[in-house]
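Read the figures in this text as sums done on the coordinates, not as results from a lab. This one's a predicted model, so the numbers in the text were calculated from it and none came from an experiment. Cβ placement follows ideal geometry from the backbone for every residue including glycine, while neighbour counts extend to all protein chains displayed.
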Amino acid sequence: MGEILVSQFSWILGPKPEDMPETWKLRISQLFKQETGESYTDSTFNMLKIPQWEGNRLLIDHQKYPSPDSLIGVLWAKQILQDRVRIVALVIDNQHQGEGLGSRVIEDLFSISRAIERNTIQLEVRVSNIRAQRFYQRFGLNIHQTIANYYSDEDGYVMMGTV
Ligand SMILES: CC(C)(COP(=O)(O)OP(=O)(O)OC[C@H]1O[C@@H](n2cnc3c(N)ncnc32)[C@H](O)[C@@H]1OP(=O)(O)O)[C@@H](O)C(=O)NCCC(=O)NCCS
C-alpha cells in the first residue's frame with residue numbers, strides 16, 4: 001500500500017466575505033491588522049462584494065483545520081470593467097511568508113484571468129510597502145500611478161500588468 005502525501009497548506013475557494021462565520025471574520029481582521037495595518041470591520045466585509053470564484057481563496061493549514069487559526073492567508077480579487085481583475089487584498093501570516101505560497105496563488109489567479117480573457121491585473125499598494133511592490137514586479141506588474149492619501153495615513157500606488 002502506498003502512502004498518500006497531502007500538502008499541509010492549500011488555497012481553497014472562499015465563501016463571500018459577508019457570509020463567513022464570525023470567528024473567521026475575526027481571524028481575517030486580525031491577519032489584515034497584523035500584516036497591513038488595515039482595520040476590517042463588519043461593514044468592510046459587507047462592502048467588499050467579492051463573489052465566489054477562483055479569485056476568492058483562503059489559505060488553510062490542514063493540521064489546524066477547522067480552528068480559525070488554520071486560516072493563514074487570504075486572496076480577494078474581483079472582475080472589474082471589461083478586461084480586468086483587481087486584487088483587493090492579498091495577505092499571508094508572517095510565519096508563512098517567503099515560502100512561495102503567495103506566488104502560488106498569484107500564478108493561479110493570472111492563469112485564470114488569462115483563461116477568461118481578462119488580461120489586465122490591477123491593485124493598490126502602500127508607497128512604503130517595497131516588499132510587496134517587488135513581489136508584484138516579479139510577476140510583471142509595474143507602478144502605474146500614485147493616489148494621494150489612498151490610505152488613511154499614506155499615499156498608494158496603483159500597480160498594473162498584463163497576463
Ligand atoms: C507580499 C506577500 C503577499 C507575498 O507572499 P509570500 O508568500 O510571502 O511570497 P513568496 O514566498 O511567494 O515570494 C517571496 C518572494 O517575495 C519576496 N518577499 C515578499 N515578502 C516576503 C517576506 N515577508 N519574507 C520573505 N520574502 C518576501 C522575496 O523577495 C521572495 O523572493 P524569493 O522567492 O526569490 O525568495 C506576503 O509577504 C504578505 O502577505 N505580506 C504582507 C501583506 C502585504 O504586504 N500584502 C500586499 C499588500 S497589497
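Within the range 136-163, can you find the residues that are hydrophobic (A, V, I, L, M, F, W, C) and touching a residue at least 12 places away in the same chain (Cβ under 8 Å)? Matches in the range 136-163: PHE139, LEU141, ILE143, ILE147, VAL158, MET159, MET160, VAL163. Screening TYR65 with (1) in a helix (DSSP H, G or I); (2) away from the ligand (no atom under 14 Å from the Cβ) gives one miss only, at (1).
Considering only residues in the range 104-149 that are assigned to a strand (DSSP E or B) and within 11 Å of the ligand (Cβ to nearest atom), the one that is nearest to LEU58 (Cα to Cα) turns out to be LEU123.
Restricting the first member to the range 34-46 and to residues that are touching a residue at least 24 places away in the same chain (Cβ under 8 Å) and in a helix (DSSP H, G or I), and the second to residues that are among the basic types (Lys, Arg) and surrounded by 11 or more Cβ atoms within 10 Å (Cβ to Cβ), the beta-carbon pairs closer than 6 Å and six or more apart or on different chains are PHE45/LYS25. Among the criteria (1) surrounded by fewer than 16 Cβ atoms within 10 Å (Cβ to Cβ); (2) within 17 Å of GLY14 (Cα to Cα); (3) not aliphatic (A, V, I, L, M), the one ARG86 does not fulfil is (1). The requirement of being over 23 Å from TYR150 (Cβ atoms), touching a Gly at 6+ places or on another chain (Cβ under 8 Å) and not β-branched (Val, Ile, Thr) is not satisfied by LEU71.
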